[in-house]
Amino acid sequence: MKKEYFVQYSHNSIINGFSLPKDMFKSIDFGIRDIETDFLFTSIKNMFSFPVFFVLESVIFEHVERIIFERNIPSYKFASEGFIIKIESVDTLKVICDCTVDLVLNGLTVFIFFGQGLSEVNLVPTRTWDKPIEFKNLDFEKVDTFIDVHEVGLTIFSKNDKYNSPRKVTHYISEAYLLDLENSDI
């Protein structure tokens with residue numbers, strides 16, 4: 001039986017969780033119970049070309065850090081446990097999607113960026129308990145699409161018309177998953 005997902009326009013509370021330029025991005029939510037590597041990997045592979053940047057804010061598991069080092073995956077380390085990885089191949093994308101799923105199923109968040117002229121050092125997030133998440137050094141004009149991956153799905157913030165409505169983004173999801181029409185904004 002196929003696993004179901006839904007897709008909706010994002011609620012303001014999700015949008016307001018980030019310090020983003022006003023009216024620059026459309027925001028769409030994918031909901032799925034127990035996100036799997038295939039769901040994330042296929043979506044990212046179908047949506048973007050390389051490079052794609054993954055921001056692993058808290059790599060609290062030694063095996064994830066070990067995978068990054070043992071496979072010589074180029075990365076930019078920030079803070080005590082954060083990594084930003086520039087992905088330029090399908091093989092690396094698969095490995096980092098596996099790591100991402102491990103992290104998000106344990107309550108952590110991973111960010112994915114796609115755009116032109118992006119640099120790892122500019123993707124470092126800043127969090128404080130009383131303010132939205134910020135990317136202080138990021139020129140958002142260079143960002144085409146930004147994804148917040150979390151335990152129950154994805155939130156896509158995009159300027160690209162290909163991803164600006166729930167109906168359009170469903171074309172990038174693996175056919176191994178079934179769209180829950182009743183709970184989607186379609």
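The values are calculated or read from the model by the stated rules, or taken from the named source; none is laboratory data. Nothing here was measured: the structure is a model prediction, and the numbers come from that model. Using ideal geometry, Cβ is built from the backbone for each residue, glycine included, and neighbour counts are taken over all protein chains shown. Only protein heavy atoms, including side chains, enter the accessible area calculation; ligands, DNA and RNA are left aside. Shrake-Rupley method; radii C 1.70, N 1.55, O 1.52, S 1.80 Å.
Observations on the model:
- Close pairs (7 angstrom Cβ cut-off, 6 or more residues apart or separate chains): over 18 Å from Leu138 (Cβ atoms) in the range 69-91, hydroxyl-bearing (Ser, Thr, Tyr) and open to solvent by less than 80 Å² (accessible area, probe 1.4 Å) anywhere: Ile73/Thr92; Glu81/Ser58
- Selection of strands (runs of 3 or more DSSP E) fully inside the range 68-186 by the criterion of at least 3 residues being more than 23 Å from Ser27 (Cα to Cα) and open to solvent by less than 70 Å² (accessible area, probe 1.4 Å) returns 82-87.
- Options Arg33, Arg66, Arg71; residue that is of a type in the set (Lys, Arg) and under 27 Å from Asn183 (Cα atoms): Arg33
- Within the range 164-186, residues that are free of Cβ contacts under 8 Å to residues at least 12 places away in the same chain have Cβ atoms under 9 Å from residues that are assigned to a loop (DSSP other than H, G, I, E, B) in these pairs: Glu175/Lys2, counting only partners at least 6 apart in sequence or on another chain.
- Filtering the range 43-66 to residues that are of a type in the set (A, V, I, L, M), more than 15 Å from Ser119 (Cβ to Cβ) and either open to solvent by 70 Å² or more (accessible area, probe 1.4 Å) or out of contact with any helix residue (DSSP H, G or I) (no Cβ under 6 Å at 6 or more places or on another chain) (or both) leaves Ile44, Leu56, Ile60.
- Residue within the range 43-63 that is among the hydrophobic types (A, V, I, L, M, F, W, C), farther than 26 Å from Phe140 by Cβ, assigned to a loop (DSSP other than H, G, I, E, B) and at pLDDT 85 or above present: no
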